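The values are calculated or read from the model by the stated rules, or taken from the named source; none is laboratory data. Bear in mind the structure is a predicted one, so any value in this text is a computation, not a measurement. Quick reminder, even Gly has a Cβ in these numbers, built from the backbone with ideal geometry, and neighbours come from all protein chains shown.
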Amino acid sequence: MRTRALLSTFLLPALLVPAWGAEPPPGGAPPERKGGAAILEEARNRPIEITADRLQADSGNGSVSFEGNVVAVQADVTLRSDRLVAEYSKAAGAVEKVTADGNVRIVQPGREATGARAVLYNLEQRIVLSGDVSLREGENRLRGETVTILLRENRSVVTGGEGGGRVKAVLFPKELPDLKEKLPR
């Protein structure tokens, strides 16, 4: 039971990739964007369901691992990976690190992040997605080797890979209002 409580507090809320903004309601103004810390706080009390082929808990080391076809769902966010490990810090009294390895895919309606690995450093409030990372929000796309999300600072850094790898972004700006009516003649 304690393992479930620890995971539900820190796992999926942190992997929401907080740099993404909320979608505006049909015909309405865009909602206020929330920073990573606000998203984490809001999601802490939501239940999380994790399914996998195997579960191994090690109280002595303060860790729990899920292996094989891991699917973790919290609210409208789903994380899939080959393996998921949460490490608990006895000194801090909190989950210290959560690592999703192998075929990582995080999906929320209208948004998706994929990569080889995702690591939440909970005490630092930092998330690192690595291994040919791809982010999608609507039609917008972003690719890089590593995406680092600094939750407390509400800021992200995307880097290319070794040997001259580059970051690639494809962005679709929102349609501008008809300026002809507003320009002086």
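Per-structure values
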| quantity | calculated |
| --- | --- |
| So Val157, is it buried (at least 16 other Cβ atoms within 10 Å of the Cβ) and of a type in the set (Val, Ile, Thr) | no |
| Residue ID - modelled with the lowest pLDDT, chosen from residues in the range 24-68 that are in contact with an Asp or Glu (Cβ under 9 Å, 6 or more places away or on another chain) and at positive phi | Gly62 |
| Selection within the range 91-111 - without any contact (Cβ under 8 Å) to a residue 40 or more places away in the chain, aliphatic (A, V, I, L, M) and within 21 Å of Val64 (Cβ to Cβ) | Ala91, Ala92, Val104 |
| Residues within the range 129-142 that are surrounded by fewer than 18 Cβ atoms within 10 Å (Cβ to Cβ), part of a strand (DSSP E or B) and of a type outside the set (Asp, Glu), tallied | 5 |
| Residues located in the range 56-82, provided they are more than 15 Å from the chain's Cα centre (by Cα) and assigned to a loop (DSSP other than H, G, I, E, B) | Ser59, Gly60, Asn61, Gly62 |
| Test for Val85: is it among the β-branched types (Val, Ile, Thr), part of a strand (DSSP E or B) and over 15 Å from the mean Cα position of the chain (by Cα) | yes |
| Answer residue from the range 152-185, given it is of a type in the set (Asp, Glu) and more than 19 Å from the chain's Cα centre (by Cα) and is modelled with the highest pLDDT among those | Glu162 |
| Tally of residues being touching a helix residue (DSSP H, G or I) at 6+ places or on another chain (Cβ under 7 Å) and modelled with pLDDT of 90 or more across the range 83-119 | 3 |
| Test result for Glu145, without any contact (Cβ under 8 Å) to a residue 24 or more places away in the chain and under 28 Å from Gly165 (Cβ atoms) | yes |
| Options Thr159, Thr114; residue that is in contact (Cβ under 8 Å) with a residue 12 or more places away in the chain, of a type in the set (Val, Ile, Thr) and closer than 26 Å to Ala52 by Cα | Thr114 |
